[in-house]
1. Out of every Cα pair in the range 64-111, what percent are spaced more than 12 Å from each other?
2. What pairs in LYS49/LYS85; LYS49/LYS87; LYS68/LYS109; LYS18/LYS63; LYS87/LYS108 have C-alpha atoms more than 21 Å from each other?
3. Restricting things to alpha carbons, find the Rg to Rh ratio for the range 11-103 using the Kirkwood radius for Rh.
4. For a quick check: sort SER60, SER80, SER98 by the number of other beta carbons within 10 angstrom, fewest at the front.
5. Check cross-link reach from LYS11 to the aspartates and glutamates: straight Cα distance under 16 Å, and skip same-chain residues fewer than eight apart.
6. With 10 angstrom as the radius, rank LYS18, LYS109, LYS85 by how many other C-beta atoms surround their C-beta, starting from the fewest.
7. Whose amide H sits under 5 Å from the amide H of ILE89, counting only residues 5 or more places off or on another chain, with H placed in the peptide plane?
8. Sorting ILE50, ILE89 on the 10 Å Cβ count, fewest up front, what's the list?
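Here, each number is a calculation from the coordinates, and none is a lab measurement. Keep in mind that what you see is a predicted model, and the values were worked out from it rather than measured. Heads up, the Cβs are rebuilt from the backbone with ideal geometry, glycines too, and the neighbour counts pull from every protein chain shown.
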Amino acid sequence: MSQGRRGRRTKGMLNIAKERIDILFDLAEKEARAYNLQRANRYVELARKIGMRYNVRVPSHFKRRYCKFCHSYLVPSVNSRVRIKYKKIVIFCENCGSYMRMPQFREKKMD
């Protein structure tokens, strides 16, 4: 029987995991622009798996780009709708029919 890796994850391993997540989301965006949504969804799935394996959070600017329920990469007007209602951003995923609501932050004026 083979046993898995034991012990803590080193900082180097965590940095590599973060870099791989960034690279995979960049690749997902390129594939989505080329209308290859299946490959973009696969890249999102791989990025999520790396984040879970190494206990690394996916950055917040990437979290808004995929559906929390079906984990598909969201491209506005292709497979998602984006609306602003009551100071919230509402994103509707057309693949699974779910809604995601996020607060809308306004810029503060400089005096």
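1. 61
2. Going by Cα-Cα distance, LYS49/LYS85; LYS49/LYS87; LYS68/LYS109 fall outside the 21 Å limit.
3. Rg/Rh: 1.00.
4. Ranked by crowding around the Cβ, least crowded first: SER60, SER98, SER80.
5. Counting by Cα, and skipping residues close in sequence, LYS11 has these aspartates and glutamates nearby: GLU19.
6. LYS109, LYS85, LYS18
7. Under 5 Å from the amide H of ILE89: MET102, GLN104.
8. ILE89, ILE50
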